[in-house]
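Before any comments, here is the structure.
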Amino acid sequence: MTAFLTALRKDFLLQWRGRGQIVAIFAFGAATLLLFSFAIGPDSVALRQHAAGFLWLGLLLASTLSLAESFEREMEEQALEGLLLLPASARALYYGKAVANCAQLAVIGAALVPVMVVLYDAGTIRLLSLLGVIVLGTAGLSAPGTLYAAMTAQTRARQTLLPLLLFPLVVPVLLAAVKATSLLILGDPMGQLRPWASLLGAFAVVHWALGGLLFGRVVED
Amino acid sequence: MYVRYGKRDHRAELDGNARIRPPSPLVRRCQQGAMKAATLRDRAYSIRRMIAVAAAGLSRRYGRRWALTDVSFELPGGALAMVSGRNGSGKSTLLRVLATAIRPDLGTATILGHDLRADREAVRERTALLGHRTHLYEPLTALENLALVARFLGGDRRRAALLERLEEVGLADRAGDAVQTFSAGMRQRLALARVLQQEARVVLLDEPYGHLDPPGFLLVDGVLRRLRARGITVLMATHLLQRGRTLCDRSLVLDAGRLVFAGATAEMPEPAGSDGAGFAEGA
């Protein structure tokens, strides 16, 4: 537990020192939402119907930048290797990194909500539920994302490889998160929010468990 | 119902209200003995000056090229040894294999009796590596980098103790500055402080004089002497042969991944093509 907290503290500190990068990633997500809104046109009904999908697509694209960035600092002076040789537990390092990535993505996701409301006229009064869906969805993105980012950080084609590996795997997260967010924006007369949120939670639990088991094998020679 | 611990009988009622009986003195002694076994084994190696590093047939390849081929040698505990050889002769690979940063493809080695392959964690607890890359986090300050190591190792992370460590490498006045603002020589000094922070029994240094100024050379000389005085085993890769001859009692020479000399430094042959000029020695 101490090792996990130490790793988490280190990752939050690195994120804080690179907060300019977080702002840039948020701006990228916001620009994506703006471009998608241009693609739909001025039809306010269509905009509102597609808002949830575009929010999660924007967040998914931004997540590849955020996840890749999180391993840049680990690789430039082989700092991660240095921790493994101390020896620090690979599992603690993974969970520290994954929690920090999840928190960063959740903050970016929450910050994109007002952008979505302005561009797509897609507000909701169930803000806490929306935040819950964002946290569950980003947990589902960050667990496999952290693992794949570690795997691809050591390759030359990492900018291409990470989305290629990550996107097919997180299709269930994307589907469930879009559906749950749509229900919150457009209304949920059939009470379908809970099953979709449960699917998000189940996906996250499986991938957080798998990530902790596999990370050591991914980062060790 | 009777439960027997060693030679004594202890009566315990194993009903719903039964309480867990503390272990008998004999059991406790066995448990304490098991916990101390590894420490005692290390101490025995140190006291008897037995073999601290033993490599047997170590080989490692990158793709199809063998960087190390069948390297076997032994280093006694407390030895200060240098590895020399041309660029690409396998010095860094040897140190990285011994530090468990990379796995050997063939052969194995033991560090203080712990096998690289079978007992990786134990080897890591007893070794520290100063590599070509510094293992530092660039956005963090010098102090934060050392504090991070101290936190993971459960060591002394008081500011005063960390500042003392930085003072040792001449960086106390830059303790609060981010590593990304440091010159290459300052990074090397901080990386050295990080290695010392680990307080390992076997220290592996890959070009410790790299990027350093003349006072830095003297600093590394002092660190090496202090490590030797404390009985720490040091294996250092360097091109500074004259300096190595002065400081080190044992030498290894690699050529194209093969060990061509292992023995006392006094008996080490002159490198081919050096014409007696040797290599740049600094101050």
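The values are calculated or read from the model by the stated rules, or taken from the named source; none is laboratory data. Just so we're clear, the structure is a prediction, and the values are computed from it rather than from any experiment. Positions of Cβ are generated from backbone atoms using ideal geometry, with glycine treated the same way; all protein chains shown enter the neighbour counts.
Quick notes on this structure:
- When each of A:Thr138, A:Thr181, A:Thr124, A:Thr155 is tested for being outside any helix (DSSP H, G or I) and either in contact (Cβ under 8 Å) with a residue 40 or more places away in the chain or under 14 Å from A:Leu55 (Cβ atoms) (or both), the lone residue that passes is A:Thr124.
- Residues (more than 14 Å from the chain's Cα centre (by Cα) and assigned to a helix (DSSP H, G or I)) located in the range B:88-105: B:Lys91, B:Thr93
- Some residue of the range A:180-201 being under 28 Å from A:Phe38 (Cβ atoms) and charged (D, E, K, R): no
- Residue satisfying all of: in the range B:228-242; within 18 Å of B:Gln188 (Cα to Cα) and of a type outside the set (S, T, N, Q); surrounded by the fewest Cβ atoms within 10 Å (Cβ to Cβ) among these: B:His239
- Contact map, the range B:215-227: residues that are surrounded by fewer than 20 Cβ atoms within 10 Å (Cβ to Cβ) paired with residues that are in a helix (DSSP H, G or I) and of a type in the set (Asp, Glu), Cβ distance under 8 Å, separation 6+ or inter-chain. No pairs are found.
Here's the yes/no breakdown for (1) over 25 Å from A:Gln15 (Cα atoms); (2) hydrophobic (A, V, I, L, M, F, W, C):
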position	(1), (2)
A:Ile108	no, yes
A:Ile125	yes, yes
A:Met151	no, yes
A:Gln159	no, no
A:Pro168	yes, no
A:Ala176	yes, yes
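- Flag if B:Leu140 is modelled with pLDDT under 95 and either under 15 Å from the mean Cα position of the chain (by Cα) or not basic (Lys, Arg) (or both): no
- The test for being surrounded by fewer than 21 Cβ atoms within 10 Å (Cβ to Cβ), within 10 Å of chain A (Cβ to nearest Cβ) and among the basic types (Lys, Arg) does not hold for B:Arg61.
- Qualifying residues in the range A:5-52 (those that are hydrophobic (A, V, I, L, M, F, W, C), within 29 Å of A:Ala180 (Cβ to Cβ) and within 14 Å of chain B (Cβ to nearest Cβ)) - the one surrounded by the fewest Cβ atoms within 10 Å (Cβ to Cβ): A:Phe12
- Matching residues in the range B:70-109 - criterion: being within 12 Å of chain A (Cβ to nearest Cβ) and charged (D, E, K, R): B:Arg96, B:Arg103, B:Asp105
- Residues of the range B:194-206 classified as part of a helix (DSSP H, G or I) and not polar (S, T, N, Q), total: 3
- Taken together, A:Gly82, A:Gly96 contain a single residue that is part of a helix (DSSP H, G or I), within 14 Å of another protein chain (Cβ to nearest Cβ) and over 13 Å from A:Leu8 (Cβ atoms), which is A:Gly82.
- Any hit, the range A:67-75, residues being among the polar types (S, T, N, Q) and within 14 Å of chain B (Cβ to nearest Cβ): yes
- Single residue of A:Glu69, A:Glu74 found to be modelled with pLDDT under 95, buried (at least 21 other Cβ atoms within 10 Å of the Cβ) and of a type in the set (Asp, Glu): A:Glu74
- Any pair with Cβ under 6 angstrom, 6 or more apart, that starts in the range A:1-14 at a residue that is in contact (Cβ under 8 Å) with a residue 40 or more places away in the chain and ends at one that is of a type in the set (Lys, Arg): A:Thr6/B:Arg151; A:Asp11/A:Lys97; A:Leu14/A:Arg73
- Flag for A:Leu112 being more than 14 Å from chain B (Cβ to nearest Cβ), assigned to a helix (DSSP H, G or I) and within 26 Å of A:Ala150 (Cβ to Cβ): yes
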